[in-house]
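Worksheet: the structure to be examined is printed underneath.
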Amino acid sequence: MNITADQGVRRGRKFDQVLEGARKIFLRDGFERASVDDIAREAGVSKATIYAYFPDKQLMFLEVARSECHRQTEAAEAAIGDDLSARAALTIAAERIVAFLTSDFGLRMFRIVVGEGERFPGLGAEFHEYGPGLIHRRLVHHFGCHVDRGELVIDDLDLAASQFAQLCKAAIHDKLLFGLTPPVTPQDLRRSVEGTVDMFMARYGAKG
């Protein structure tokens, strides 16, 4: 069954407290092993309070993902002003995407969704909607703005947004997911960001 994080979720005075407790337990234990008892204990509330806000655990997990992805996206959008050049805006976008991909939250949530995908078919689709899908839609919007300003030349904004997100993963994401050594360094992250922007501008930057 496919569900969304808005279906059946109720908000109240201790909602944020419950959400933060759920976030910690999901990241610590994964989706399947996370118990409502542990979440209630971590949040400092009763199980009755948990169920008053979230009818089931999947909704709680989706709300954790949704709230964090929205927070990250809003922070990125606040940093990208209308007066920035395409290269400057792309650099900020790449930095934010790389930071999310390499964060403890991003990596753990990715592993949880992939690991639980067969048992909970709707989980992957909903996580994608709130995470990668949200980033994709905002990239399409911002790329379109720079096309209108004559800084980028893009015929297929949807494809360009997918390409940009994939470029941000180059040389770092697989290394982190599979625990390869040596570990990713700040220099690796900077290399990925700069390489992403350089390649994207070489393909889509307006000439002349």
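See the values below:
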quantity: Pair list, Cβ under 6 Å, 6 or more apart: the stretch 76-99 residue in contact (Cβ under 8 Å) with a residue 40 or more places away in the chain and within 12 Å of HIS142 (Cβ to Cβ), other residue among the charged types (D, E, K, R) and surrounded by 13 or more Cβ atoms within 10 Å (Cβ to Cβ); calculated: ALA76/ARG96; ALA86/GLU151
quantity: Matching residues in the stretch 83-106 - criterion: being among the polar types (S, T, N, Q), loosely packed, with under 15 Cβ neighbours inside 10 Å and more than 13 Å from the chain's Cα centre (by Cα); calculated: SER85
quantity: Test result for GLY131, closer than 19 Å to ILE92 by Cα and modelled with pLDDT under 85; calculated: yes
quantity: Test for ALA22: is it of a type in the set (A, V, I, L, M) and more than 23 Å from GLY122 (Cβ to Cβ); calculated: no
quantity: Condition check for MET60: buried (at least 19 other Cβ atoms within 10 Å of the Cβ), over 10 Å from the mean Cα position of the chain (by Cα) and among the aliphatic types (A, V, I, L, M); calculated: yes
quantity: Qualifying helices (runs of 4 or more DSSP H) (wholly inside the stretch 154-208; at least 2 residues being over 15 Å from ALA94 (Cα atoms) and aliphatic (A, V, I, L, M)); calculated: 157-169, 173-177
quantity: Count of the stretch 125-142 residues which are touching a residue at least 60 places away in the same chain (Cβ under 8 Å) and in a helix (DSSP H, G or I); calculated: 9
quantity: Residue list for the stretch 107-119, restricted to those being in contact (Cβ under 8 Å) with a residue 60 or more places away in the chain, surrounded by fewer than 18 Cβ atoms within 10 Å (Cβ to Cβ) and not hydrophobic (A, V, I, L, M, F, W, C); calculated: ARG108, ARG111, GLY115, ARG119
quantity: Residue within the stretch 77-97 that is touching a His at 6+ places or on another chain (Cβ under 6 Å) and modelled with pLDDT of 90 or more present; calculated: yes
quantity: Among the candidates ARG66, ARG71, residue that is under 23 Å from the mean Cα position of the chain (by Cα), surrounded by 19 or more Cβ atoms within 10 Å (Cβ to Cβ) and either in contact (Cβ under 8 Å) with a residue 40 or more places away in the chain or in a helix (DSSP H, G or I) (or both); calculated: ARG66
quantity: Unmet criterion (only one of (1) at pLDDT below 85; (2) farther than 20 Å from LEU27 by Cβ) for ARG66; calculated: (2)
quantity: Residues (farther than 20 Å from ASP104 by Cβ, part of a helix (DSSP H, G or I) and of a type in the set (Gly, Ala, Ser)) located in the stretch 10-54; calculated: ALA40, ALA48, ALA52
quantity: Matching entry among GLY150, GLY122 (being out of contact with any Lys or Arg (no Cβ under 7 Å at 6 or more places or on another chain), in a loop (DSSP other than H, G, I, E, B) and touching a residue at least 40 places away in the same chain (Cβ under 8 Å)); calculated: GLY150
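The values are calculated or read from the model by the stated rules, or taken from the named source; none is laboratory data. Quick caveat: nothing in here was measured; it's all calculated off a predicted structure. As a convention, Cβ positions derive from the backbone with ideal geometry for all residues, glycine included, and neighbour counts pool all protein chains shown.
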